[in-house]
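First comes the structure, then the notes that go with it.
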Amino acid sequence: MAMDVIPAIDVEKGRSRVVYWPGASAGIGAPTDRPERIAEQFVAQGARILHLVDFDGAKRQSPADLEVVGAVAGRVAVPLQVAGGLEEADHVRLAFAAGATRAVVSVAMIERPDVLRACLGVAGDWLAVGLDPRPERIAAFPWRRPVRPTLESLVEELVASGVSRLVLSHGGHSPDPALLASLVRRRDADILVAGGATDLDGVRRLRDAGVAGVILGEALLSGAIDFPRALEAAA
């Protein structure tokens, strides 16, 4: 099966933080920052999943832009993966009620096993945990345990808890294809990579590593990566 290329729309105050204008270089079409219109255009080009990031929700640690989720869900018929501000099982319920079909919580949930279990009870296989795999970021996290975990031990622990999807965010840094391939081979979980590709070669490297999907935001919205060509590179 082809790797999914998942367009991401970062939402702040009800609008996309990046204006989408696919015809900018040719001077055709019109720019838009309305998430539902952006979503429609990506689905028309072949998107099978969309990723929405609630920036306001992430800041206040509770959902803030669920009306956008509803607006997008009302315009497209593909799964919607929502991240940002989902800190409790009730937050996941609210996101699903608004139209989300998948939810992403932070790795901090691993330190709250009861809450993680409750979130899994709501979302099941459609719950993903997001983490930054860079060793320095794992080291900087305020762990509440005597021994700092490694990426491998975190993944093992999450999978053992029932998590079957992981979103690895690289903060604009290139991912390690060998590490990704190792995680794909050894763990019973879908590995999604957020960012990590700035061109089509980057998309192909992730495809070859065997990850289930790559989530791309500004790279697609700005036109740095052409979405239809990215779908071809992921096949």
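Here, each number is a calculation from the coordinates, and none is a lab measurement. From a predicted model like this one, the values you see are computed outputs, not experimental measurements. When we count neighbours, we look across all protein chains shown, and the Cβ atoms used for this are built from the backbone with ideal geometry, even at glycine.
Net charge near Pro113, counting Lys/Arg +1 and Asp/Glu -1 over other residues with Cβ under 13 Å of its Cβ? Numbers along the way, then the final one.
Values: positive: Arg112, Arg117, Arg144, Arg145; negative: Glu111, Asp114, Glu157.
So the environment of Pro113 carries a net charge of +1.
Given Cα pairs under 8 Å that are at least 6 residues apart, what percent is the relative contact order of the chain?
Values: 458 pairs, mean separation 48.3, N = 235.
21 percent.
Let me test this: with uniform point scatterers at the alpha carbons of the range 78-195, what is the Debye-based log₁₀ I(q)/I(0) at q = 0.23 1/Å?
-1.43
Counting DSSP beta bridges with both partners in the range 4-234, what percentage is antiparallel, nearest 5?
Details: 3 of 33 bridges.
Given both bridge residues lie in the range 4-234, the antiparallel proportion sits at roughly 10 percent.
Do any trypsin sites (Lys or Arg not before Pro) in the range 95-158 lie in a DSSP loop with no more than 11 other beta carbon atoms within 10 Å, and if so, which? Display every interim value, and only then the final one.
Working: sites: Arg102, Arg117, Arg137, Arg144; in loops: Arg144.
Sites meeting the loop and neighbour criteria: Arg144.
Of Gly23, Val184, Ala233, which is farthest towards the positive pole of the chain's charge dipole, taken about the Cα centre with +1 and -1 on the beta-carbons of Lys, Arg and Asp, Glu respectively?
So the residue furthest toward the plus end is Val184.
So if I take the alpha carbon set of the range 105-154, get Rg, then get Rh from the Kirkwood formula, what is the Rg over Rh ratio? The partial results should precede the final answer.
Working: Rg = 11.6 Å, Rh = 11.8 Å.
Rounded to two decimals, Rg over Rh is 0.99.
Dipole of the range 4-234, Cα-centred, from +1 at each Lys and Arg C-beta and -1 at each Asp and Glu C-beta, to the nearest 20 debye?
On the way: 26 positive and 30 negative charges, 28 e Å.
Here the range 4-234 has a charge dipole of around 140 debye.
Reported to two decimal places, what Rg/Rh ratio describes the range 155-229 when computed on Cα atoms with Rh from the Kirkwood expression?
Working: Rg = 12.7 Å, Rh = 12.8 Å.
Dividing the radius of gyration by the Kirkwood radius yields 1.00.
Which value, in Å to one decimal place, does the Kirkwood hydrodynamic radius take for the range 4-234 when every pair of different Cα atoms is included?
Working: mean 1/r = 0.0559 Å⁻¹.
Radius from the Kirkwood sum: 17.9 Å.
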